[in-house]
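Report on one structure; see the data block that follows.
Values in this text are rule-based calculations from the coordinates and carry no lab data. All values derive from a computational prediction rather than experimental measurement. Cβ coordinates were reconstructed from backbone atoms using ideal geometry, including for glycine residues, and neighbour counts include every protein chain displayed.
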Amino acid sequence: MDTTNLNSLLNSVNHYYAQNNAEIDIKYIEQLLKETEDFPIISFDIFDTVLTRLFECPIDLFACVEGILIEKNISLPDFAKNRLIAEETSRKYYAAKEFQEEVTLDNIYSQMLSFYSGKEKELNLAKNIELNTEKSSIIPVIDNLSLINKLQEQNKIIYFVSDTYFSKQFIEELLLQAGISDYGKLFVSSEIMKTKHSGRIWEEVLKHSGNKKIFHIGDNLHADVIQPQQYNIKTFSYTRFISERRLGAQLSPDLVPFSLLQKMNKLSQKVIVKEKNKESDFWSNLGCTFGSVLLKSFISWLDQQITKYQIDHIYFCARDAQIIHKVWNILDMDKNHQTTSSYLYLSRQALRYPIFYMDILNTGKLSNSSLDLIINESIREGESYKIFFDRIGIQNNILSKTKFKSKFGNSNQNFDFEKIAEIKNFIQYELTPYLFSIYKNHYTDAMAYYEQEGLFHPEKRIAIIDLGWNGTLQTALTYFREHKGIKQKLYGFYYGLFNHSAPGRLYKNGIMKSAFFNMFQRPSEELLLENSVNILENLHSANHQTTSKFTKNSDSNTYEPVLKQDSENIYVNQFNKTINVFQQSTIQTITNWIHNNNLFGIGTEWITTSVATAAILQVCITPNQNEQKYLGEISHCALNDHKTSYYLIPQEIPAEKKDVTRLLTLGGWPCGVIGHWKANKNKIKPEIYRIATKFFDKYPELIKNYLMN
């Protein structure tokens, strides 16, 4: 990560929090004071109950340590991943061989030697950096800090009970740092070698209680609630700052700024959120963190590309680039570059139909690639021939004039994917004259619109901005320009490009650059990108429906887009309820960021494309519960007519083998689906779930293990 010092970043965020503490949950404190009236001893868990880290996930600290090691030129490659694995391996080893319930930090670092043989000195430095980073990232949980003070005023005895690999002395130092020095007892599993998880640590706690009643408060349902209850200890589940594990970015140091943003945003939220506001708050919070990182880093990257290639005019392509264009304008980037920019109405249908017409016009038939597109973008499993032909503009009255019935049967039958070759031939040799007529007007009006918008200027350096993926948009527009005799190549700047299709178009299309995902990535990386496509496309939805075609306005004598009808404003209402909230929060956050120079103590110098890529992987590969819920409820249109849509996470649970791949891929978000299935594992037959796990065999090992376990 080529930015400033990570320790400085952590100190800046810590300082910000010290000046802007979380809101105290007064009702919680009042409730607990009442519930603990008859209990002389009040016991607290420590992490995420009395103390919490500034990181979204505790394991993100390992990524931060790795970044600091890199800054200090201490060579321990993949430290964060190996630190995670070493802890897991160490726990298994000592549980099996030594019958230990807990491990120590020294145990873990001894295990690290299996990755870094002969590097005892470097590992000792890393261990000290980890301890220092813990101290720098630890802040008190203000609810329970306040509660402890009030309980002590009532002469209650305060115990702390923690499952941790840290030493008792180190925990004492953390408590003292948080201003907690006067308490009864501290029970640490690494010293006692008994844990809350097993329940056996409570035997030690009870030995020191003098038969006084104990009330315990903690965040872990099993260790802090269920287990102590077995020892007649009253419990309360405190979950305000409970953390969820993520491994989407595979503990890359690049995830650190996003992790800090996520946690700081959580710390800044109101205590009480009304049920009716939970969805709106989710979208607003996602925009504040995820959206702002994406858009700010992309615009900064785009800024560099526009300068490098001396672009004259920039087209932000509908619908995905509307929000990008808004941010570009808010930051006054055209003025900075002496460029012009505009919003270009496009859609798959508005591009494909003119291309199909030009194929037939030039060669008398459709190209193989056009035939592939007609099939791939117009039919899904289980749909009928009639639905398919309706989508490509062929009605029953036309079919009746052909040999369709004798070749394929009734048009109401399901589309037979085993007959795709025959269907392509049927389209090519029997439907081409009809398609030529249907697509002609689309071609005429589209070319007039593009001419009007300046797409065919012979000399200007023109760039298009889109999310990307396959480069087909640039291919289509290049085709149109060549048809008009334009030799100057287009420039395309994107979020990501797939290596199975985009690289082959480089020579034909001209410059194609991507900010977050390189087109020459490894196959396992491409699997991760595929999980993000539909999420990113929906988060970048526009405030209008898709473009069906273009038409000439007789009053203004200009060509305008004809948008798909939005009956009863269903699309717009849903957009305003969800995506618009996300986008407005994104814009507001970026605006504040620029004016105030930092957000939660984090300056814009930390918001790079590598940080954004890590954020994408965290959200799209290992979503937290709220992301899984609300992003999973997005309905995505996969076909060019935008009439058929599927939830990113179908609620159907697989009952048979044949259901597995269909449901995993239906919404284009396999990682989200498997997360949903994990949460409902008791409803899935074990053999069916095992089949589902095989789907992820080619994913990176760390992520595969996380998704499966």
* Among 47, 6, 21 - extreme Cα towards positive end, dipole of segment 1-48, charges at beta-carbon -> 6
* **Extension gain from residue 576 to residue 274, taking 0.36 nm per residue of separation minus the Cα-Cα distance** => 106.8 nm
* Where does the charge balance sit around residue 616 when Lys and Arg score +1, Asp and Glu -1, over other residues with C-beta under 13 Å from its C-beta? -> -4
* Calculate the radius of gyration of the Cα atoms of segment 57-141 to one decimal place, then report Dmax, the largest Cα-Cα distance, as a whole number, both in Å. => 13.1, 40
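Just add up the charged neighbours of residue 161: K/R +1, D/E -1, any other residue whose Cβ is under 11 Å from the Cβ of residue 161. Before the final figure, lay out each step's value.
On the way: positive: 185, 194, 196; negative: 45, 163, 204, 224.
Here the count lands on -1.
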* Is segment 422-481 best put as rounded, prolate or oblate by its Cα gyration tensor, with a ≥ b ≥ c the root eigenvalues, rounded for a/c under 1.5, and otherwise prolate when a/b is larger than b/c, oblate when not? -> oblate
* To do: Please list the non-local residues whose amide H lies under 5 Å from the amide H of residue 499, H modeled 1.01 Å from N, same-chain partners needing a gap of 5 or more.
  => 521
* Asked: Can you flag which of 308/489; 150/274; 121/168; 185/213 are past 20 Å Cα-Cα?
  -> 150/274; 121/168
* Asked: residue 204 to residue 230: FRET efficiency via 1/(1 + (r/R0)^6), r the Cβ-Cβ distance, R0 22 Å, to the nearest 0.05?
  -> 0.90
* To do: Report the label-to-label distance for residue 363 and residue 709 in nanometres (one decimal), using points 7 Å from each Cα along the Cα→Cβ vector.
  => 5.2 nm
* Distance from the Cα centre of segment 562-579 to that of segment 88-115, in angstrom? -> 56 Å
* Asked: So what's segment 275-340 giving for Cα Rg divided by 2.2 N^0.38 Å, two decimals?
  -> 1.36
* To do: Could you size up the charge dipole of segment 144-303 around its Cα centre, putting +1 on the beta carbon of Lys and Arg and -1 on that of Asp and Glu, and report it in debye to the nearest 20?
  => 520 debye
* Asked: What is the packing order of peptides 371-384, 461-474, taking the mean over residues of other C-beta atoms within 10 Å and listing the highest first?
  -> 461-474, 371-384
* Asked: For segment 264-308 and segment 166-241, what is the separation of their Cα centres, given in Å?
  -> 36 Å
* Structure fact -> A student applying the Cα gyration tensor rule (rounded when a/c is under 1.5; otherwise prolate if a/b is larger than b/c, oblate if not) would label segment 242-387 oblate
* Once Rh for the chain is found with the Kirkwood sum over Cα pairs, what is the Stokes-Einstein diffusion coefficient at 20 °C and 1.002 mPa s, in µm²/s? -> 75 µm²/s
* To do: Pull out a ≥ b ≥ c, the square roots of the eigenvalues of the alpha-carbon gyration tensor of segment 356-509, then state rounded if a/c is under 1.5, prolate if not and a/b is larger than b/c, and oblate in the remaining case.
  => prolate
* Structure fact -> Semi-axes in Å, largest first, for segment 171-252 (Cα gyration tensor, √(5λ)) are 25, 18, 13
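Compute the Rg to Rh ratio over segment 380-451 from the alpha carbon atoms, using the Kirkwood formula for Rh, and round to two decimal places.
With Rh from the inverse mean 1/r over Cα pairs, Rg/Rh is 1.04.
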* Subset of 34/207; 460/564; 207/234; 81/681; 296/698 violating a 22 Å alpha-carbon distance limit -> 34/207; 460/564; 81/681; 296/698
* In units of 2.2 N^0.38 Å, what is the alpha-carbon radius of gyration of segment 153-192? -> 1.18
* Asked: Between 498, 637, 606, whose Cα lies farthest towards the positive end of the dipole of segment 493-647 when Lys and Arg beta carbons carry +1 and Asp and Glu beta carbons carry -1, centred on the Cα centre?
  -> 498
* Taking 0.36 nm per intervening residue step and subtracting the Cα-Cα distance, what contour gain separates residue 665 from residue 405 on full extension? -> 90.4 nm
* So, in Å, what gap is there between the alpha-carbon centers of segment 320-378 and segment 603-632? -> 27 Å
* Structure fact -> Rounded to the nearest 5, the percent of DSSP beta bridges in the chain running antiparallel is 30 percent
* Structure fact -> Output for segment 403-504: GluC sites (Glu not before Pro) sitting in coil per DSSP, at most 14 other Cβ within 10 Å, listed by number, reads 459
* **Backbone HN-Hα couplings from phi across segment 692-701 [Karplus 6.51/-1.76/1.60, Hz, Gly and Pro as x]** => 4, 5, 5, 4, 9, 4, 8, 6, x, 4
* Structure fact -> Per the helix-only model, the chain has a calculated mean residue ellipticity at 222 nm (DSSP H runs of ≥4, -39500 (n - 2.57) each, divided over all residues, rounded to the nearest 500) of -15000 deg cm²/dmol
* Dipole-positive endmost among 301, 238, 257 within segment 216-314 (Cβ charges, Cα centre) -> 238
* Cross-link reach list, aspartates and glutamates versus residue 508, counting only Cα pairs under 20 Å and skipping chain neighbours closer than eight places -> 359, 372, 459, 466, 482
* Asked: Which value, in debye to the nearest 20, gives the size of the charge dipole of the chain about its Cα centre, when Lys and Arg are +1 and Asp and Glu are -1 at the Cβ?
  -> 1720 debye
* Loop GluC sites (Glu not before Pro), segment 590-683, which have at most 15 other Cβ atoms in a 10 Å radius of their Cβ (DSSP) -> 633, 652, 656
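Short version: what are the Cα gyration tensor semi-axes of segment 209-316, square root of 5 times each eigenvalue, largest first, in whole Å?
46, 17, 10
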* Structure fact -> Its Cα gyration tensor gives segment 1-158 an equivalent ellipsoid whose semi-axes in whole Å, largest first, are 36, 23, 10
